[in-house]
Amino acid sequence: MLQEFIDKNFYRLLLFTLIFGVIFYDTIGFAYTDEICSLILFILYLKYIFSTPKWEINKMFIITTAVFLFYLFYSFYINSNTKAGIITDFVIQYKPYLGFFCVYAIKPRISPVYKKLICEICIVLGFYLLGIGILYLVYPDSIKYTLKHPSRLATAVSIVSLLYLYCSNFTEKDKIIFVLLLLTGMFSARSKFYGFFIISVALLIFTSHSSKIKINFKTITLLSITALLVIAFTYKKINLYFLGGGDFVRYDEKIQDTIARAALYFYSTDVFIDFFPFGSGFASYATYASGIYYSDIYNIYGLDNIYGLTKGDAAFISDTYYPALAQFGIVGVILFFTFWGNLGIQTLKKYRISPKDALLALMIIIFFLIECTSDSTITHNRGLFMMMLLGLILSDLKRAQNNYQTKVTINKSHG
């Protein structure tokens, strides 16, 4: 009855995290919801491990944990920051991967009855987020009292929409509802959301009438149109972050956060070079902990004079994620993209077995790759929920693969 215990408690935890760790997280103002959820997940994981005779531990989980521990001791060795800062950043950076691997390991199942209830909850939450979006359009300051920032409206909408699609029957009606729920994110006016929306709808159209991924003229045309639309809607940010060449030195009140992000991107190349190959260590660059326990690196490179990156007022210091990879050096960059690339490849390989699960997994992977350009969502509360959902979907995909292989084996034995 272990699986029944896991399933019920995971369902409760999923709803708790959705309501208090995503939708009302900023409204309530309790900042430790994701830490509590991570701890409960880890307890469920330990319960599962010690209750199974083989003590099944995922090798990728062990490797990932070993990598983070290496960087923890490396950070202590080079004194990248204070011990408190290093440990704080270690916990923040490791937390999403812990959530992902715990869910993937315990293999929870959500019953059809609970899935139907979650779909209804997602629709209600969709209307709530729509109200916030419309009010924000009319009275922009209203967002401060609910989600704090329009970018969080975009991520909350993405989560609710993907969770709905996962729990739905994946009918044409469900797909339309998914797109309608996702449309609310347009009120956020975030370029990265525009990109995610375009790619998600394109993937939905591309996979609607086929259980196989085919590379032909129609596919190439659709991919080309999708790419052009994404570039058109995100070009300004791409130009500033990746092509601007240090155009952050000008001061503009309207784009203060953008200036800070561009500066972090620009100087990350120096950090990569100066701290080759393992990086500058935890709590040293472009992370929340590096701002709270103010890193010396900001003084060394002159970032301490840029608005939002100054000591005591580092509001924009963790407003992006890719520059934070400088903490882990070129080795960390390779490991990061190897992790996500491996998930993407394994998902594509299993697409034929379960198109719905594969599609959702790809959407979440793309969500993170886009989000990391201008937000550190992956290390925040909403990032934890997405990682939990990804772990849930990939565990379903693995189960579907095992069932498929069992059927093939049976058919061969009877053949």
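In the list Asp7, Asp26, which residue meets the criterion of being more than 22 Å from the chain's Cα centre (by Cα), acidic (Asp, Glu) and either at positive phi or surrounded by fewer than 20 Cβ atoms within 10 Å (Cβ to Cβ) (or both)?
Going through Asp7, Asp26 in turn, the sole match is Asp7.
Test of understanding: among Ala156, Ala84, Ala66, which residue is within 26 Å of Ile364 (Cβ to Cβ), surrounded by fewer than 20 Cβ atoms within 10 Å (Cβ to Cβ) and not hydroxyl-bearing (Ser, Thr, Tyr)?
Step by step, each of Ala156, Ala84, Ala66 is checked, and only Ala66 is within 26 Å of Ile364 (Cβ to Cβ), surrounded by fewer than 20 Cβ atoms within 10 Å (Cβ to Cβ) and not hydroxyl-bearing (Ser, Thr, Tyr).
Conditions tested, residue by residue: (1) surrounded by fewer than 19 Cβ atoms within 10 Å (Cβ to Cβ); (2) at positive phi; (3) in a loop (DSSP other than H, G, I, E, B); (4) without any contact (Cβ under 8 Å) to a residue 12 or more places away in the chain.
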{"position": "Tyr294", "(1), (2), (3), (4)": "no, no, yes, no"}
{"position": "Asn299", "(1), (2), (3), (4)": "yes, no, no, yes"}
{"position": "Pro323", "(1), (2), (3), (4)": "no, no, no, no"}
{"position": "Ala326", "(1), (2), (3), (4)": "no, no, no, no"}
{"position": "Ile330", "(1), (2), (3), (4)": "yes, no, no, no"}
{"position": "Ile334", "(1), (2), (3), (4)": "yes, no, no, yes"}
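Listed residues Gly281, Gly332; which is modelled with pLDDT of 95 or more and farther than 20 Å from Leu369 by Cα?
From the options Gly281, Gly332, the qualifying one is Gly281.
Taking Thr171 as meeting all but one of (1) under 30 Å from Phe276 (Cα atoms); (2) without any contact (Cβ under 8 Å) to a residue 12 or more places away in the chain, write down the number of the exception.
Every condition holds for Thr171 apart from (1).
Could you tell me how many of the residues in the stretch 133-166 are part of a helix (DSSP H, G or I), more than 26 Å from Leu369 (Cα to Cα) and free of Cβ contacts under 8 Å to residues at least 40 places away in the same chain?
So the count comes out to 6.
Got a sec? Which of Leu44, Leu18 is modelled with pLDDT of 90 or more, under 19 Å from Ala105 (Cα atoms) and surrounded by 14 or more Cβ atoms within 10 Å (Cβ to Cβ)?
Leu44
Any chance you could count how many residues in the stretch 98-114 are more than 16 Å from Thr17 (Cα to Cα) and not β-branched (Val, Ile, Thr)?
Count: 7.
The values are calculated or read from the model by the stated rules, or taken from the named source; none is laboratory data. Just so it is clear, the structure is predicted and the values come from calculations on it, not from any experiment. We place every Cβ from the backbone using ideal geometry, glycine too, and count neighbours over all the protein chains shown.
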